[in-house]
Amino acid sequence: MSSRNFPTTKQNGSEKITINTLIIDINSQVALFRDLLIHIGQPRDCPELREKIRKLRRTCVETCKHTSQLILPNLRSSVAEGFPVDNPNLVLLFFMSQLFLRELTKCHRLVQIIPMDMSGYYDNRAGPSNLGNVISQILLCKQITPDFHQEELCSIINDSHEISKILKEMQEYMPKQENNLERSTALGEELTHQWTNKNRRNSLYKNMGLLCCIRRPNYL
């Protein structure tokens, strides 16, 4: 699949509008990607759905990469000149990329345990990446049956690495409170769980005390 052609601008105002548009696109793409994954293994699952998921996944990866390439250079320049970094679009892109990475992990597991026979679908059209197979056939002088399932798994892994790389680059410029929020998410969930259990115990003891107060005396 060819790379998506993104608009490039030199003016700060136009570039800001472009970034805002891309952020909105990524939000819609991640949401749609998640919705499509729900149908894997369901009655609506078919080769056409898998191809739609593949194309949307690649589009979302390219959009995230392009948006980060628009945001990060300006942030690096600001930091180098000693200016404070405060970019709402960076925060939005960071958290949406995190959501997308989680969906990629889920996508890999679903495709792994629920494979789809794509051989018939690609009989009359080019597969996702069949150039290597064509070259191998020429060199080895024999027919090679492409493994679409394995190619898809490898492609998802590569996309996950790309998004992880983008997240790592953005992490350096994230506001401190956002960094602390992200790192303390797991701890917060654990503390919430402990606090809930403690409240349940306190509530239980309180109710037991109330029952003891309203119990009828034995001598009546």
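The values are calculated or read from the model by the stated rules, or taken from the named source; none is laboratory data. Note that the structure is predicted; figures quoted are calculated from it, not measured. When we count neighbours, we look across all protein chains shown, and the Cβ atoms used for this are built from the backbone with ideal geometry, even at glycine.
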message: Just to be sure I understand, how many residues within the range 79-91 are in a helix (DSSP H, G or I), touching a residue at least 60 places away in the same chain (Cβ under 8 Å) and either touching a Gly at 6+ places or on another chain (Cβ under 6 Å) or more than 15 Å from Asn20 (Cβ to Cβ) (or both)?
response: 1
- prompt: Mind checking which pairs have a first residue in the range 153-173 that is closer than 20 Å to Lys106 by Cβ and outside the structural domain of Arg109 (by TED's automatic domain parsing) and a second that is in a helix (DSSP H, G or I) and at pLDDT 95 or above, Cβ under 6 Å, 6 or more apart or different chains?
  reply: none
Asn27 vs. criteria within 14 Å of the chain's Cα centre (by Cα), of a type in the set (S, T, N, Q) and closer than 22 Å to Lys168 by Cα: yes
query: Does the range 154-172 include one or more residues that are modelled with pLDDT of 95 or more, in a loop (DSSP other than H, G, I, E, B) and more than 30 Å from Ile19 (Cβ to Cβ)?
result: no
message: Which condition from (1) under 27 Å from Ile17 (Cβ atoms); (2) exposed (fewer than 15 other Cβ atoms within 10 Å of the Cβ); (3) among the polar types (S, T, N, Q) is the one that Gln42 breaks?
response: (1)
field: Among (1) of a type in the set (A, V, I, L, M); (2) closer than 22 Å to Glu151 by Cα; (3) modelled with pLDDT of 95 or more; (4) surrounded by fewer than 19 Cβ atoms within 10 Å (Cβ to Cβ), the one test that Leu131 misses
entry: (3)
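Results for (1) touching a residue at least 24 places away in the same chain (Cβ under 8 Å); (2) buried (at least 20 other Cβ atoms within 10 Å of the Cβ); (3) among the polar types (S, T, N, Q), shown as yes or no for each residue.
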{"position": "Pro47", "(1), (2), (3)": "yes, no, no"}
{"position": "Glu51", "(1), (2), (3)": "yes, no, no"}
{"position": "Arg58", "(1), (2), (3)": "yes, no, no"}
{"position": "Lys65", "(1), (2), (3)": "yes, no, no"}
{"position": "Ser68", "(1), (2), (3)": "yes, yes, yes"}
{"position": "Ser77", "(1), (2), (3)": "no, no, yes"}
task: Scan (1) within 14 Å of Ile26 (Cβ to Cβ); (2) without any contact (Cβ under 8 Å) to a residue 24 or more places away in the chain for the single condition Phe94 breaks and write down its number.
output: (2)
